[in-house]
Amino acid sequence: MLPGSLKLCVFVACLSPLLWLVYAAVQGDLGPDPAEVIIAVSGEWTLRLLGLTLLMSPLRQWLGRPWPIRIRRMLGLFTFFYACLHLLTFAHFFLGWSPAILWEELIERPYITVGFVGWLLMLPLAITSTRGWQRRLGRSWRRLHQLVYPAAVLGCIHLLWQVRSDATEAVVYCAIFALLLGWRARAFLPTQKV
Amino acid sequence: FTPASPGANGFHTSEDQTPFSDASQYCNFYEFGTGKSDPADYAHEMRTEPWTIEIAGEVARPGKLNLEDVLAKFPLEERIYRLRCVEAWSMVIPWLGFPLAALLQHVEPTSKAKYVAFETLHRPKEMRGTRSFGSTIDWPYREGLRLDEAMNPLTLMAVGMYGKTLPNQNGAPIRLVVPWKYGFKSIKSVVRIRLTEEQPPTSWQAQNPREYGFYSNVNPEVDHPRWSQKHERRLPSSIFSPNRIPTAKFNGYGEQVAQLYQGMDLAKYY
């Protein structure tokens, strides 16, 4: 596939959850409590796209082709986009845009604290995702973008902490992220000589 | 039935009612799944006929009551109540039912009776949520009230809403409605009522005692580790008008129930 059309396909695919939400909102299909639907959909897609972003570098190694790295930036930016939508939904429906209530939530509810810190960690990554910043930061760009790993861990904790009576879904997400991060941790293990 | 009439006793609120379609489509009834639309999608699998309620424990007249007999014995009246969910959303629902006090007086609690324990139907074949292997709730679902709470005139056994028979997802054929407590106290599809001397265990308290107490009175002053209880979204809410309103202590029924908790530390007995 041509790189251009691949990027277009990925773009449309990443946009589709948002398009679905907008379509459902226009149709009046979000139900009596849209806050619950929007916060769930935006949160789920933040984690799914973050997982896909983290899959790209192993995928390049396995396939030996460069295309996963070419779409990685777009996946990362869409991750941040859904994280922003998630945060905006929270601010709109749950906080009533009150900074005082945000502060109270950050102090009193650890799952909100870790979710918010996860978003904060992704903020500089989104800003410095351009070629220009990559050039300007040189070596430190790579190090800076390793912040995506703690962000992923915080995302998992954010989800786990919200389990009420059924942990199945959260455990599946955590297992996937454990594989993605564990694959990278191999590099730090002592190399075995056969 | 007697239509609700405005009065000082809290039986009737003139606030905008949540439409029937919302109240019957957006439900928590984990026996059918944890999604809000699961109960509306799957509760039809539950058979509600025949239905008996077993009454046991500290009563002079224990036994099994057929639903038909219950309906014949206790005249129905309409009550329009606010319903406040612990998840920080709320509705206004017109219920049809009779005071729980009437039923309890009928079975004559003994002098030892201090609490009332309730149980929901547990029939895994008809309740797919109870078959979910990841669920940590110990079925059947259990709830409880102190006897004086149960005897309060606001406490209702409902068999209908919006002038109709209760839909299965809303707790057919008979459920409890305790408007000053978080919604999960208003146990659905009741099959067993037991009067006890000791405080009975309740499902959410057993599952997570740090988050859910026995009393679970609506209280903006006592925060929940998961959701701030200072505000609520009155449903239907929408993107352009979230309908976010401050939450009132005892869900606005303080005049009727505050005396039940005189001298109690409600932050300790949450």
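Quick notes
- Summing charges over neighbours of B:T196, with a neighbour being any other residue whose Cβ is under 11 Å away from its Cβ, gives +1 when K and R count +1 and D and E count -1.
- Taking Cβ atoms as reference points and 13 Å as the exclusive limit, the residues near A:V172 contribute a net charge of -2, counting Lys and Arg as +1 and Asp and Glu as -1.
- Taken as Cα centroids, segment B:160-229 and segment B:1-57 sit 12 Å apart, rounded to the nearest whole angstrom.
- Each of A:V12, A:W67, A:L121 was scored by the projection of its Cα onto the charge dipole of segment A:3-188, and the greatest displacement toward the positive side belongs to A:W67; charges sit on the C-beta of Lys, Arg, Asp and Glu.
- Phi angles of segment B:220-229 translate, via the Karplus equation with coefficients 6.51, -1.76, 1.60 and θ = phi - 60°, into HN-Hα couplings of x, 7, 10, 7, 9, x, 9, 10, 5, 9 Hz per residue; Gly and Pro are given as x.
- Ellipticity estimate at 222 nm from DSSP helix runs (n ≥ 4, -39,500 (n - 2.57)) divided over the protein assembly as shown, nearest 500: -12500 deg cm²/dmol
- Heavy atoms of B:L96 accessible to a 1.4 Å probe, total area in Å² rounded to 10: 10
- In sequence order, calculated HN-Hα J values of segment B:63-69 (Karplus, 6.51, -1.76, 1.60; Hz; x Gly/Pro): x, 10, 10, 6, 4, 4, 5
- Chain B: radius of gyration over Cα atoms, expressed as a fraction of 2.2 N^0.38 Å: 0.95
- Neighbouring Cβ atoms from other chains, within 10 Å of the Cβ of residues in B:235-244, number 6 on average.
- When all protein chains stay in place and ligands, DNA and RNA are ignored, the 1.4 Å accessible-area order of A:S5, B:S24, largest first, is A:S5, B:S24.
- Most positive-pole-ward Cα, B:P225, B:W51, B:M151, against dipole of segment B:20-261 from beta carbon charges: B:P225
- Crossing angle, helix A:110-127 versus chain A [Cα axis fit, 0-90 degrees, rounded to tens]: 50
- Measuring against 22 Å, Cα to Cα, the residue pairs B:K36/B:K181; B:K164/B:K249; B:K230/B:K268 contain B:K164/B:K249 as the ones spanning a longer distance.
- What the phi angles of segment B:121-128 give under the Karplus curve with 6.51, -1.76 and 1.60, with θ = phi - 60°, is a coupling list of 3, 10, 9, x, 4, 10, 10, 5 Hz, glycine and proline written as x.
- Solvent exposure ordering (accessible area, 1.4 Å, most first) of A:R131, B:R210, A:R60: A:R131, B:R210, A:R60
- Relative contact order [Cα under 8 Å, 6+ residues apart], chain A, whole percent: 19
- Candidate lysines - alpha carbon under 25 Å from B:K64, same-chain residues fewer than 8 apart omitted: B:K73, B:K112, B:K114, B:K125, B:K185, B:K188
- For B:H12, residues with placed amide H under 5 Å, excluding near neighbours: B:G7, B:I80
- Shielding by other protein chains, A:35-42, mean Cβ within 10 Å: 3
- Mean Cα-pair separation over length for chain B, i.e. relative contact order, pairs under 8 Å, 6 or more apart, %: 21
- Unit charges at the beta carbon, dipole of the protein assembly as shown: most positive-side option, B:T110, B:M91, A:G155: A:G155
- Ranked by how many other beta carbons lie within 10 Å on average, peptides A:10-22, A:103-115 from highest: A:103-115, A:10-22
- Each Lys and Arg adds +1 at its Cβ and each Asp and Glu adds -1 at its Cβ; summed about the Cα centre, the protein assembly as shown shows a dipole of about 2920 debye.
- Think of each Lys and Arg Cβ as +1 and each Asp and Glu Cβ as -1; about the Cα centre, that makes the dipole of chain A roughly 1760 debye.
- Each other residue within a Cβ distance under 15 Å of B:Y42 adds +1 if Lys or Arg and -1 if Asp or Glu, for a net charge of +2.
The values are calculated or read from the model by the stated rules, or taken from the named source; none is laboratory data. Here the structure is a predicted model, which means the values were calculated and not measured. In this analysis, Cβ positions are derived from the backbone assuming ideal geometry, glycine residues included, and neighbour counts consider all displayed protein chains. Keep in mind that these areas ignore ligands, DNA and RNA; they rest on the heavy atoms of the full protein, side chains included. Shrake-Rupley method; radii C 1.70, N 1.55, O 1.52, S 1.80 Å.
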